[in-house]
Every structure is written in C-alpha cells, then in structure tokens.
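Data first, discussion second: the structure below is written as structure tokens.
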Amino acid sequence: MCTSVQIPQVQSTSTLLPGQIQSLLQPIARDDIDALSREAQWETLLHCGRKVFFRGIIEFSNVCTCDCYYCGLRRSNRGVGRYQLAKGEILRQARWFADRGFGSVVLQSGQRRDPRFVGFLTDVVRSVKRETRSAMLPEGLGITLSVGEQSPEDYGRFFDAGAHRYLLNIETSSPRLFRRWHPENQAYDSRRRCLEYLRSIGFQVGTGVMIGAPWQTAADLAADVAFFKDMDVDMIGMVPYIPHPAAPLAAVVVDTAAVRQRRALLAIAAVRLVLQDVNIAVTTALQALAPMGREKGISFGANIIMHQAMASGCRKRHTLYNAKPRDDESNPDFQKALESRIRRLGRMVGRHEWGDPPHVFHRQALLRQSA
Ligand code: 5AD
C-alpha cells in the first residue's frame, strides 16, 4: 500500500533525521516519487553541476579469498572460472578508455592480500598513470581502486603509486545484518576501520550498501544514509541486491526486482538530499536490473555512470550477481544514444576530466578555514 509523504520542508535537506529519511524510502505514491526525483535533480544541479561523468571499469581479476554469502565470486563457488588479466591487457583497456575521453577508471577485483597481488597492483597503478598522460589529461587517468580490505601499509602503497580514490562497500551499516551476510572471519568493525584508514591516508573515499538484500528494512536503509553522512564519505554507490544461485543467501525470498529497483532509486534520491555534494554512481547492478537503469539513476540524483566497455571474454566470468548485461557498451551507437538521452535530461557528459566529487574541495576549504 502506498502512503503519501511530503518531502520535509526544512531549510536544508542535509539535516533530515533518520525517521524523515525512512519515510522517503517506504512505498510512496507516484506523485511523491516524481516530486522526490525533481528535488534530487535540483540538489544535484545545485551542488555538482550539470556534468555526468563516466568511469571505465576494469575488472582485472575475479579471484577472491572472501566467502560473502551473497556474492557469485565467493571463494566456495567452484562453478566460476577464475582469471587474472596481465598488466599489458589492463593497460590496453585503460588506454581504450582514455582515448574515448574517459577521465577516470576503476580497477576492480576480488580481495587478495598477498604481497604478490599488492606488488602487481602497485606496479599497474604506476604504469596506468604514466601511460595515459596526454595533452588533455596531463596527469593521466584518475584511478579508483576497489580491491577490498587491505592493511594501512598496502593502502599507502597504492596511494603513493598514484591511485587517489578508493571504493569499499560497507554493504550495510547494521552490524547485525553484516553478521548475517558474511562469514565469521569478516567483521563489520574491520570494514569500518578500513574506511577510516583510507581517509587518513588521503584517498577520496567511496562506499555503498546493498539494497533489498535479505532481512533489510527501510529503517536499516535510512540508518545507512545517516552512516554515510557521519563517515563524511565522498562517493556513494547504492547497489540493488540481485540473488546469485551459487550464493547461500539466494535461498532467502526477497522483494521483486521491480521493488528492489525502485527502492534503490529512492535511496539514491535520499542520499542526494542528505549528502548533497558527493558523487553518486549508477552501479552496474542498477544498470542490469532494469532497462534505462542509467537514465533513471541520473534522474534520481546520480551523477556518475559506471561503464564496462571492453567486450572482453572475462566479462562473463565476473559474475557478482545473476544478471546479464543488457547493453553492448562498447558499441559507439549505444554510447551516442546514451549521451543524447543524458542531454535530454538537461545534463552533459564530462570528458577528459577526473570528475572528483565537489565534497572533497568543500571539505578541504573548511579545513583551511579552521586551521
Ligand atoms: N547483488 C548485488 N551486489 C552484489 N555485490 C556482490 N554480490 C552482489 C549481489 N548478489 C556487490 C557488493 C560488493 C561489490 C563488489 O559487489 O556490494 O561490495
């Protein structure tokens, strides 16, 4: 049943209370959804401007030492062929993105903490920075890493090599849910501490949660938004949960895909209202869940689109969740059509720019003022 909600008339939506956030995330009437979308777009324009940035994702390995109960890449899934791209292939993909005007790439893999992996990735980061310099991008591509929990020393190595952003999903801000979604050797506190290390090292820090996963309530999700604000993060990815048959949590019945998608969109809007000047990504899961996922994400307050452009054979083996990619993103016609749909939303695509979140500059200015 839909209830009618009012977007609270407060001076600044950044001060919404958890109860008010929660009311935005419950099933609400069509008119209210439209009003929320308009408000979120307005806040995006106000705080982040018209530009939408693409991030080229390079999924360089699906080897993972973790056994998360929801993930298709979990260690115990013997049904997936494991791969690791060679440095030359990663560089080829990075150049492909740079040549097409992308300002940043995300290097993503399963979690490994062995010295060989750390050494390999440090070298790759250095090489990508060096080899993607151009007149348009004098400092090379912006690099975001997404390789899970690592030691502070190793995070420092990646930072010194030239990566300046890091994505580490908290998955849920509820320690109770975190315990139910992960095996015992993965701890909520350790994940949270990693986010703190990343910030203290100087990374722009991104995190995100799964939406619609088993046992999660609207109150949990509202607490997640408040958590992002408390942690003062710079980038957010709201990930609709998509059950994977090789993961134990798939046995638990959840809401329909349509409900999970709608809730993810409402959550994006709530994050935009409360955090205002952060970058919010349309995650690949949101793109996979429904047609026009990117455009819907943008019209609910996102300003970043994740792009898996390389038609590489490995793509099929990077199966975090059970959904087929809907679009051939490496097809120039698809890209052109997407850009024209973005323009129709009154937005434009940022090219040859890193597209850092304005929040970072605002925080730095505040720090300078208080120094
Ligand atoms: N559904 C949606 N997202 C998932 N992830 C892993 N498994 C799933 C799933 N079944 C996401 C998690 C993780 C990221 C790498 O992929 O948020 O942090």
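The values are calculated or read from the model by the stated rules, or taken from the named source; none is laboratory data. What you see is a predicted model; the values in this text were computed from it and never measured. Note that each Cβ is placed from the backbone with ideal geometry, even for glycine, and that neighbours are counted across all protein chains shown. For accessibility, only protein heavy atoms count, side chains too; no ligands or nucleic acids. Shrake-Rupley method; radii C 1.70, N 1.55, O 1.52, S 1.80 Å.
Table for the structure above
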{"read-out": "Inter-label distance for S134 and R82, nm, one decimal - labels placed 7 Å from Cα along Cα-to-Cβ", "value": "3.6"}
{"read-out": "Rh by Kirkwood over Cα pairs, then Stokes-Einstein D for segment 99-139 at 1.306 mPa s and 10 °C, µm²/s", "value": "134"}
{"read-out": "Largest-first ordering by accessible area, 1.4 Å probe, given options T217, T284, T256", "value": "T256, T217, T284"}
{"read-out": "The chain, helix-only ellipticity at 222 nm - DSSP H runs n ≥ 4, -39,500 (n - 2.57), divided by all residues, nearest 500", "value": "-13500 deg cm²/dmol"}
{"read-out": "Potential lengthening between V63 and D230 on full extension [0.36 nm per residue; Cα-Cα distance subtracted]", "value": "56.9 nm"}
{"read-out": "Sequence ranges 177-183, 82-88, ranked by mean other-Cβ count within 10 angstrom, highest first", "value": "177-183, 82-88"}
{"read-out": "Accessible area in the full protein assembly, largest first, 1.4 Å probe, for Y166, Y188, Y197", "value": "Y197, Y188, Y166"}
{"read-out": "With DNA, RNA and ligands ignored, accessible area of C71 (1.4 Å probe; Å², nearest 10)", "value": "20"}
{"read-out": "Largest to smallest accessible area among R272, R113 [probe 1.4 Å]", "value": "R113, R272"}
{"read-out": "Area of K296 that stays accessible when all protein chains are in place (1.4 Å probe, Å², to 10)", "value": "70"}
{"read-out": "Rounded to 5, the percent of DSSP beta bridges in the chain classed as antiparallel", "value": "5"}
{"read-out": "The chain: Cα Rg divided by the 2.2 N^0.38 Å rule of thumb", "value": "0.93"}
{"read-out": "In Å², nearest 10: area of K229 left accessible to a 1.4 Å probe", "value": "90"}
{"read-out": "Calculated FRET value between R50 and A29, using beta carbons and R₀ = 45 Å, to 0.05", "value": "0.95"}
